[in-house]
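Structure, as structure tokens:
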Amino acid sequence: MKQMTIYDIAKLANVSVATVSRVINSTAPVKDSTRKKIEALIQQYQFQPNAMARSLLKKETGIIGIIVPDLTNPFYTEVLAGAEQEALTTGHTFLLTNSVGDYQKESQYLSIMREKRVDGMIFLGGRINLKIGDEELDQELIQHASTIPTVLVNGTVKGNALTRVATDEYTGTCMAVQHLIECGHKQIGFLGGEMHMSTTSTKLRAFKKTMREAGLEVREEWILTDSFSIYSGRKQMEKLLQLADKPTAVMCVNDFVAIGAIKTAVDHELTIPDDMSIIGFDDIPLSHHFIPEITTVSQEANELGRTAIQVLQKLMNQEKVKKHTVIEPKLIVRKSSARLN
């Protein structure tokens, strides 16, 4: 059987091509008997409208471009899961790219998004997470966003020029440190993160502010930054445990660092949380299954993804949206933190 076209369906139904198009795209009312006849023919011949032709007609591709810095990080996959759920409601699919934090790759993918004429774009990580943004990189992104509706997730560019959806990491960190203080801890350290990244500086500011407001000393030797990996958590906890004076609790920049910190602490025969309380950030799935289960701050990643798509859809429909949509974090208390004995 030859592949049916919209012209064949129109001929069999004895209607115009425009009438068939109205039924397929629900763009205008069609007489009930005519609509049923066309729908029956579409089902009988298993007709699938050509996506390219439809995109030319409607000036839409049905594709949302997404640039992610690290597909191996479960936080980003949780965000994508929420985004996909929301995008399916409007029939959009994704053009997904993995920049691995490489700014040159980001630039390449931005060009690809324009070439593919995506309807909208979601941008996560990389250049939008720099503490001090790069002028040239920011302007490149702003230029692309002038032709493609764009939403930044958990990041920004100079002057907050683009629409953003972000979890309140500052408040989340305050909640975590306050939890440790309420558990009776007065000697608290901070592990992980890169100082040139905004997420690290934001969490450190919140950490120091919460400590000082509680009248507690911020010990600089207990603040050990490096990266966001499990290995970093292991390495920085190793340094912390070599100090003569050690904290009774540690706030980690994310769950990966917390996992590494716990593993090293256990290697040194410490019991978590009896000898030291350790808190993570992000609430990745592994934090619930690790032993001990990790007390952490949920960024509400699934909601973050859904909200980003909702905001993007409004932008694509040329509706007014807030420049900055904030998702409230949640403290998840599990077994890696406890009252100080």
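The values are calculated or read from the model by the stated rules, or taken from the named source; none is laboratory data. Fair warning: this is a prediction, and the values are worked out from it, not measured in the lab. As a convention, Cβ positions derive from the backbone with ideal geometry for all residues, glycine included, and neighbour counts pool all protein chains shown. Accessible surface is based on the protein model in full, side chains and every heavy atom, while ligands, DNA and RNA are left aside. Shrake-Rupley method; radii C 1.70, N 1.55, O 1.52, S 1.80 Å.
Here are the numbers for the structure shown:
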{"item": "Only listed residue being closer than 16 Å to Gly155 by Cα and either polar (S, T, N, Q) or touching a residue at least 24 places away in the same chain (Cβ under 8 Å) (or both), chosen from Val311, Val321, Val333", "result": "Val311"}
{"item": "Total residues in segment 111-139, condition open to solvent by less than 70 Å² (accessible area, probe 1.4 Å), over 18 Å from the mean Cα position of the chain (by Cα) and not acidic (Asp, Glu)", "result": "6"}
{"item": "Index of the failed condition, Lys235 passing every other in (1) within 21 Å of Arg334 (Cα to Cα); (2) touching a helix residue (DSSP H, G or I) at 6+ places or on another chain (Cβ under 8 Å)", "result": "(1)"}
{"item": "Which listed residue is more than 19 Å from Leu315 (Cβ to Cβ) and aliphatic (A, V, I, L, M), from Leu71, Leu124, Leu110", "result": "Leu71"}
{"item": "Those residues of segment 75-91 which are open to solvent by 30 Å² or more (accessible area, probe 1.4 Å) and either more than 20 Å from Val297 (Cβ to Cβ) or not polar (S, T, N, Q) (or both), in sequence order", "result": "Tyr76, Glu78, Ala81, Glu84, Gln85, Glu86, Leu88, Thr89, Thr90, Gly91"}
{"item": "Of residues in segment 43-99 being closer than 17 Å to Val153 by Cβ and in a loop (DSSP other than H, G, I, E, B), the one modelled with the lowest pLDDT", "result": "His92"}
{"item": "Long-range neighbours under 9 Å by Cβ, at least six apart or interchain, first residue under 9 Å from Ile64 (Cβ atoms) within segment 82-104, second assigned to a loop (DSSP other than H, G, I, E, B) and not polar (S, T, N, Q)", "result": "His92/Gly62; His92/Asp119; Thr93/Gly62; Leu95/Lys116; Leu95/Val118"}
{"item": "Breaking point among (1) in contact with a strand residue (DSSP E or B) (Cβ under 8 Å, 6 or more places away or on another chain); (2) surrounded by 16 or more Cβ atoms within 10 Å (Cβ to Cβ), for Glu238", "result": "(1)"}
{"item": "Flag if Asp134 is modelled with pLDDT under 95, under 29 Å from Phe207 (Cβ atoms) and of a type in the set (D, E, K, R)", "result": "yes"}
{"item": "Residue that is nearest to Val165 (Cα to Cα) [pool: residues in segment 113-145 that are touching a residue at least 24 places away in the same chain (Cβ under 8 Å) and out of contact with any helix residue (DSSP H, G or I) (no Cβ under 8 Å at 6 or more places or on another chain)]", "result": "Ala145"}
{"item": "Residue match in segment 124-134 (condition: outside any loop (DSSP other than H, G, I, E, B), more than 24 Å from Gly305 (Cβ to Cβ), out of contact with any Lys or Arg (no Cβ under 6 Å at 6 or more places or on another chain) and among the acidic types (Asp, Glu))", "result": "no"}
{"item": "Condition met for Gly192 (crowded, with 20+ Cβ neighbours inside 10 Å and under 17 Å from the mean Cα position of the chain (by Cα))", "result": "no"}
{"item": "Among residues of segment 163-174, those that are open to solvent by 20 Å² or more (accessible area, probe 1.4 Å) and in contact with a helix residue (DSSP H, G or I) (Cβ under 7 Å, 6 or more places away or on another chain), counted", "result": "3"}
{"item": "Listing of strands (runs of 3 or more DSSP E) fully contained in segment 274-341 that carry 1 or more residues being modelled with pLDDT of 95 or more, open to solvent by 20 Å² or more (accessible area, probe 1.4 Å) and of a type outside the set (Ser, Thr, Tyr)", "result": "324-327, 330-332"}
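For every residue, the table says whether it meets (1) closer than 30 Å to Leu312 by Cβ; (2) of a type in the set (Val, Ile, Thr).
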site: Ala161; (1), (2): yes, no
site: Glu169; (1), (2): yes, no
site: Gln187; (1), (2): no, no
site: Gly192; (1), (2): no, no
site: Met195; (1), (2): no, no
site: Thr200; (1), (2): yes, yes
site: Arg212; (1), (2): no, no
site: Arg219; (1), (2): no, no
site: Thr225; (1), (2): no, yes
